[in-house]
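Heads up: the structure comes next, in structure tokens.
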Amino acid sequence: MNVFFSQLPIWLSTLCFVVGIVLFLKPKEVIQFQIKFYQTINWRMEPISMPKEIQNTKLMGIFMVAITLLTVCYILRNRFSLLTQSG
């Protein structure tokens, strides 16, 4: 199998982990980025309650980190079991 494709799940998981950390640590900045992005495509977007949106963004970051860690554990477990079965 091509090395790029064999490493792709790990690289994507790393990217998702970093995004989850940013969502958790910098929720205000992420929300402001999202607002500016939508303005560039001619949409006005603003949360009804900024404190609630910050809380939800932090929760989304925690969820993303948790799912990423579970995914990495699953990938590594399957790779390890394939190595022990082939030997």
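Does Asn42 fit the bill of being at positive phi and more than 13 Å from the chain's Cα centre (by Cα)?
Details: at positive phi: yes; more than 13 Å from the chain's Cα centre (by Cα): yes.
In short, yes.
Name every residue in region 20-36 that is assigned to a helix (DSSP H, G or I), without any contact (Cβ under 8 Å) to a residue 24 or more places away in the chain and open to solvent by 100 Å² or more (accessible area, probe 1.4 Å), in order of residue number.
Residues satisfying the conditions are Glu29, Phe33, Lys36.
Looking at (1) open to solvent by 60 Å² or more (accessible area, probe 1.4 Å); (2) not acidic (Asp, Glu); (3) not in a loop (DSSP other than H, G, I, E, B), which one does Thr68 not meet, given that it meets all the others?
Answer for Thr68: the failing condition is (1).
Among what's in region 47-57 and is within 14 Å of Phe24 (Cα to Cα) and out of contact with any Leu (no Cβ under 7 Å at 6 or more places or on another chain), pick the residue that is least open to solvent (accessible area, probe 1.4 Å). Lay out the reasoning, then the answer.
Let us first name the residues in region 47-57 that are within 14 Å of Phe24 (Cα to Cα), namely 51-57.
Pick out the ones that are also out of contact with any Leu (no Cβ under 7 Å at 6 or more places or on another chain) and you get 51-56.
Details: Pro51: 99, Lys52: 124, Glu53: 61, Ile54: 32, Gln55: 106, Asn56: 70 Å².
So the residue we want is Ile54.
Check region 5-15 and report whether any residue there is polar (S, T, N, Q), closer than 30 Å to Leu76 by Cβ and either open to solvent by 100 Å² or more (accessible area, probe 1.4 Å) or assigned to a loop (DSSP other than H, G, I, E, B) (or both).
Restricting attention to region 5-15, the residues satisfying the condition of being polar (S, T, N, Q) are 6-7, 13-14.
Subsequent filtering for residues that are closer than 30 Å to Leu76 by Cβ retains 6-7, 13-14.
If we keep only those that are either open to solvent by 100 Å² or more (accessible area, probe 1.4 Å) or assigned to a loop (DSSP other than H, G, I, E, B) (or both) too, we end up with none.
No, every residue in region 5-15 fails to be polar (S, T, N, Q), closer than 30 Å to Leu76 by Cβ and either open to solvent by 100 Å² or more (accessible area, probe 1.4 Å) or assigned to a loop (DSSP other than H, G, I, E, B) (or both).
Right, Ile54: over 13 Å from the mean Cα position of the chain (by Cα), of a type in the set (A, V, I, L, M, F, W, C) and assigned to a helix (DSSP H, G or I) or not? Lay out the reasoning, then the answer.
On the way: over 13 Å from the mean Cα position of the chain (by Cα): yes; of a type in the set (A, V, I, L, M, F, W, C): yes; assigned to a helix (DSSP H, G or I): yes.
Yes; evaluated as a whole, the condition is true for this residue.
The values are calculated or read from the model by the stated rules, or taken from the named source; none is laboratory data. Please read these numbers as outputs of a predicted model, since none were measured by experiment. Because the Cβ atoms are built from the backbone with ideal geometry, glycine has one as well, and the counts that use them run over all protein chains shown. Accessible surface is based on the protein model in full, side chains and every heavy atom, while ligands, DNA and RNA are left aside. Shrake-Rupley method; radii C 1.70, N 1.55, O 1.52, S 1.80 Å.
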